[in-house]
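Notes follow once the structure below has been shown.
The values are calculated or read from the model by the stated rules, or taken from the named source; none is laboratory data. As the structure is a prediction and not an experimental result, all values here were calculated from the model. Here the Cβ is made from the backbone with ideal geometry for all residues, glycine too, and neighbour counts use every protein chain on show.
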Amino acid sequence: MSMHVYGYARVSTKKQELDRQLDLLRACDCTEILTEKLSGTKSNRPELSRIKDKVRAGDKVVVESFSRLGRSTKDLIEIVHFFEQKQVELVSLKRKF
């Protein structure tokens with residue numbers, strides 16, 4: 001069974017463009033890229049939920065930055081913990097702390 005690399009890109013409004021994030025994710029040879037145009041403050045993010053349903057141990061999830069993933073520090077910690085429990089590698093391309 002081969003590892004899948006999922007890319008996740010999100011912008012906060014329908015008017016914003018995903019192009020920059022998509023270019024970065026494509027350069028990472030993602031098996032599949034899922035996108036959303038909605039506020040990170042929304043708890044219902046269908047594409048993020050799809051990734052969470054699809055991933056298996058050994059897979060990888062790539063995001064442009066952790067800010068694209070979590071609504072808050074608490075939310076981000078819960079998401080990171082979820083992927084850790086599933087033994088899924090989570091990669092942020094922006095490594096600025």
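Quick notes on this structure:
- Restricting attention to the stretch 68-79 and to residues that are more than 16 Å from residue 9 (Cα to Cα) and either touching a Ser or Thr at 6+ places or on another chain (Cβ under 9 Å) or surrounded by 16 or more Cβ atoms within 10 Å (Cβ to Cβ) (or both), the residue that is modelled with the lowest pLDDT turns out to be 72.
- Selection count, the stretch 51-75, where residues are on the phi < 0 side of the Ramachandran plot and out of contact with any strand residue (DSSP E or B) (no Cβ under 6 Å at 6 or more places or on another chain): 15
- Condition met for residue 48 (more than 10 Å from the chain's Cα centre (by Cα) and among the hydrophobic types (A, V, I, L, M, F, W, C)): no
- Checklist (1) surrounded by 12 or more Cβ atoms within 10 Å (Cβ to Cβ); (2) more than 16 Å from residue 89 (Cα to Cα); (3) of a type in the set (Lys, Arg) applied to residue 54, failing item: (2)
- Any hit, the stretch 36-50, residues being of a type in the set (S, T, N, Q) and touching a strand residue (DSSP E or B) at 6+ places or on another chain (Cβ under 8 Å): no
- If only residues of the stretch 81-97 that are assigned to a helix (DSSP H, G or I) and touching a residue at least 12 places away in the same chain (Cβ under 8 Å) are counted, the one that is surrounded by the fewest Cβ atoms within 10 Å (Cβ to Cβ) is 82.
- Among the residues making up the stretch 26-71, those that are touching a Gly at 6+ places or on another chain (Cβ under 6 Å) and either in a loop (DSSP other than H, G, I, E, B) or touching a residue at least 60 places away in the same chain (Cβ under 8 Å) (or both) are 30, 71.
- Residues of the stretch 42-77 that turn out to be charged (D, E, K, R) and closer than 18 Å to residue 19 by Cα, as a count: 3
- Restricting the stretch 1-25 to residues that are within 12 Å of the chain's Cα centre (by Cα) and not in a helix (DSSP H, G or I), the residue that is surrounded by the most Cβ atoms within 10 Å (Cβ to Cβ) is 7.
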